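Structure record follows, encoded as structure tokens.
The values are calculated or read from the model by the stated rules, or taken from the named source; none is laboratory data. Keep in mind that this is a model prediction, so the values were computed, not measured. Cβ placement follows ideal geometry from the backbone for every residue including glycine, while neighbour counts extend to all protein chains displayed. We work out accessible area using only protein heavy atoms, side chains counted, and drop any ligands, DNA or RNA first. Shrake-Rupley method; radii C 1.70, N 1.55, O 1.52, S 1.80 Å.
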Amino acid sequence: MGWFSSEPQAPAAPQASSDGAFIAPDRTSRAACWESRDAFFQCLDRNNILDAVKDKQLADQHCGKEDVEFGKNCASSWVQYFKKRRVVEYKKDQTLKQLQAEGAKPLPEGVALPGPGSGAR
Amino acid sequence: MSRTASVRWATASVVRTLRNELPTTRIASRAFQSKSAPSPCPHSASPQPLSQRTLPPAPRPQHLHLRDRHFSSTARSQKYKTVEQAESRYRSGPFSWAAGVLFLLSGAGLIVYFRYEKARMERKRIAEATKGIGKPKVGGSFKLVDQDGRPFADERLRGKYALVYFGFTHCPDICPEELDKMAIMIDKVKETSGNVMRPIFITCDPARDTPEVLKRYLREFHPDIIGLTGTWEDIKSVCKAYRVYFSTPADVKPGQDYLVDHSIYFYLMGKLRTSGTPGVNHPSWPPPGPIVESKGSRLHADPEGDFVEAIGRNFSPDQAARVINNHIKDWRGTLDKN
């Protein structure tokens, strides 16, 4: 497998640990995964595709190459997670924008969890 | 004793008395002043000889009072060479630059103090509010295994604060981000408060997170982090104790690819049990025998060792470290600094 040596972080072969499990992706392989994810999402952005799961055909058509690269660098559960998260994040942003337009103010950063009896704050 | 001397004495006494009376008596005071003003008051340089007190003027109703004032105000009367000086001191009123500065300084001091107290009370309130009655609401005993395969029970958390985070090593993005934040928090707390906090990572995914997997994963973040794993049942019960949402399936095949949903809070715990005699350092952790709790002490991070505060994702590492450092600062009991 010639391409393996040029891409040592390919997740295709997760390393087994001595106690019977698989070693989790390390920092470099995470970075590689995130990078290919960002490349794929940028391609989706360029083509106005939001949901790569629902609009799979469209995504394959425009960003097939990036999707393959994405799948190569990330575990399939991560790929599914990131694709779904993209939609959730988008909806969250839209809701926040809508709330802001309606005059809602964000909570200051670092606000503690409200405890019992702190309703008056 | 001449007559003039006794008159002068009387004059000075009356002026002194008037000084302490209402402004309406000023006129009377001025009448005396015009008489005695030209010459410096002779008696003011030294206390009146005792013999003079027995001589006339004849006793008056205020006699006793005058005598008392005479002796108690000796130092003060020495400041003014003339009655005018004393008068002008009165005309200027009780305000002066010194008094103004003192007023402002004490005012500013009080504001600073009250702000500090308010922040402290707020932290205390959080620490108290998150504590249940009798039993802690968050946290509890557990028996797990650390990343070196050694048993690790909750007893080992004693003596220091603990920063507990739940996650799993195959976590796509949030756990690594949070663990990077945790590493910054660890260093910042260490820098400010010393080695008084144990960072703990408890996996929610025991099937995949064996000790070795945890070890290789955590060493990329911070060498201090203690990684804990265990059986599915053990992990489920510790997640329940910490109110962590736990969705890991019980039967996963080796190599299966899945994600785990979990709550993403840092739990600051204070398992700071004190022995019956506060201030005595514990020689070893865990101590061999049962520990006598100091109930009802002034310590407000609970000595039973429980939940202090949850720190969410909205906190930056700096803010989180500040919150932790402040709680540590509030703690009045002993802390294991080794």
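Are any residues in the stretch B:301-322 modelled with pLDDT of 90 or more, open to solvent by 20 Å² or more (accessible area, probe 1.4 Å) and either more than 11 Å from chain A (Cβ to nearest Cβ) or not in a loop (DSSP other than H, G, I, E, B) (or both), and if so, which ones?
Once the filter is applied, which keeps residues that are modelled with pLDDT of 90 or more, open to solvent by 20 Å² or more (accessible area, probe 1.4 Å) and either more than 11 Å from chain A (Cβ to nearest Cβ) or not in a loop (DSSP other than H, G, I, E, B) (or both), the stretch B:301-322 yields B:P317, B:D318, B:Q319, B:R322.
Which pairs turn up if I take residues in the stretch B:204-228 that are within 21 Å of B:K160 (Cα to Cα) and look for partners that are assigned to a loop (DSSP other than H, G, I, E, B) and open to solvent by 50 Å² or more (accessible area, probe 1.4 Å) with beta carbon separation below 9 Å, at least 6 apart in sequence or on another chain?
B:D224/B:N195; B:I225/B:R219
If a residue has to be within 13 Å of chain A (Cβ to nearest Cβ) and among the aliphatic types (A, V, I, L, M) to count, how many in the stretch B:210-240 make the cut?
Counting residues in the stretch B:210-240 that are within 13 Å of chain A (Cβ to nearest Cβ) and among the aliphatic types (A, V, I, L, M) gives 3.
Output the residue which, of all residues in the stretch A:72-113 that are in a loop (DSSP other than H, G, I, E, B) and either at pLDDT 90 or above or within 9 Å of another protein chain (Cβ to nearest Cβ) (or both), is surrounded by the most Cβ atoms within 10 Å (Cβ to Cβ).
So, considering only residues that are in a loop (DSSP other than H, G, I, E, B) and either at pLDDT 90 or above or within 9 Å of another protein chain (Cβ to nearest Cβ) (or both), the one surrounded by the most Cβ atoms within 10 Å (Cβ to Cβ) is A:C74.
For the stretch B:121-155, give me each residue that is assigned to a strand (DSSP E or B) and either modelled with pLDDT under 85 or within 17 Å of B:D209 (Cα to Cα) (or both).
Passing the criteria: B:K143, B:L144, B:V145, B:D146, B:P151, B:F152.
For the stretch A:41-71, enumerate the residues that are in contact with a helix residue (DSSP H, G or I) (Cβ under 8 Å, 6 or more places away or on another chain), surrounded by 14 or more Cβ atoms within 10 Å (Cβ to Cβ) and either within 14 Å of another protein chain (Cβ to nearest Cβ) or among the charged types (D, E, K, R) (or both).
A:F41, A:D51, A:E66, A:D67, A:E69, A:F70, A:G71
Go through (1) open to solvent by 30 Å² or more (accessible area, probe 1.4 Å); (2) out of contact with any strand residue (DSSP E or B) (no Cβ under 9 Å at 6 or more places or on another chain) and name the single condition B:I226 misses.
(2)
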